[in-house]
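Asker: Please read through the structure below; I'll follow up with questions.
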Amino acid sequence: MTKIKIFDPPMCCSSGICGSNDDPTLVVFASDLEWLKKQGVCVERHGLSFEPAEFSKNENVKNILCKKGNRCLPIILLEEEIVSQGYYPKREKLAEICKINFNEDEAPAIHREENCCCGIDCDCNHEGTLENVCAIQDNSCANAPAEDNCT
């Protein structure tokens, strides 16, 4: 069985789909992940705000996070290999990554837009999450005050 892991940036909830300002990108991505599950793909999703230990357990994720900061998130792994970083791929790309058939008619109609991690009016508290992951690595990180996805 194909296994894909998603390591999400800090968000106000585990999926980023909360409140009245849902980010269309996250809504579509959640739908795309459900579609992958129906295709027989094992999907794991971890959020930096809620599961920082998962980020520090994975050497590939931990290393790239400490080098690039939050701007590399989301990170997507296929069988422990990084296959995508810094954006949420569309369903067609996810199908390609997982080596499953994709029919254009299965693509969601929602238009994806680049917004803040929690929508336009983001007010998340992201303090300390990246630093905790990096500190686990070697008690130092050049990118400790790294950028987050919110403006």
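The values are calculated or read from the model by the stated rules, or taken from the named source; none is laboratory data. No experiment lies behind these values; they were computed from the predicted model shown. Virtual Cβ from ideal backbone geometry, glycine too; neighbours counted across all protein chains shown. The accessibility values were calculated without ligands, DNA or RNA, using every heavy atom of the protein model including side chains. Shrake-Rupley method; radii C 1.70, N 1.55, O 1.52, S 1.80 Å.
Asker: Quick check on my filter: what residues within segment 44-61 are farther than 13 Å from Pro10 by Cβ and open to solvent by less than 30 Å² (accessible area, probe 1.4 Å)?
Answerer: Ser56, Asn58, Val61
Yes or no, residue by residue, for (1) under 17 Å from Leu78 (Cβ atoms); (2) at pLDDT below 95; (3) within 14 Å of the chain's Cα centre (by Cα):
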| site | (1), (2), (3) |
| --- | --- |
| Asn21 | no, yes, no |
| Thr25 | no, yes, yes |
| Trp35 | yes, yes, no |
| Val43 | yes, no, yes |
| Phe50 | no, yes, yes |
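Asker: Take segment 79-92 and flag every residue that is within 17 Å of Ala30 (Cα to Cα), over 12 Å from the mean Cα position of the chain (by Cα) and outside any helix (DSSP H, G or I).
Answerer: Listed by number, the list holds a single entry, Lys90.
Asker: Report, ordered by the first and then the second residue, all pairs with beta carbons closer than 7 Å, sequence separation of six or more or different chains, a first member in segment 20-49 that is assigned to a helix (DSSP H, G or I), and a second member that is among the small types (Gly, Ala, Ser) and open to solvent by less than 40 Å² (accessible area, probe 1.4 Å).
Answerer: Final answer for the pair search is Leu26/Ser15; Leu26/Gly16; Ala30/Ser15.
Asker: Further question on the same structure: Looking at segment 22-43 only, could you name the residues that are among the charged types (D, E, K, R) and open to solvent by 20 Å² or more (accessible area, probe 1.4 Å)?
Answerer: Correct list: Asp22, Glu34, Lys37, Lys38.
Asker: Which of the residues that make up segment 76-91 are closer than 15 Å to Pro9 by Cα and open to solvent by 60 Å² or more (accessible area, probe 1.4 Å)?
Answerer: Matches in segment 76-91: Gln85, Tyr87.
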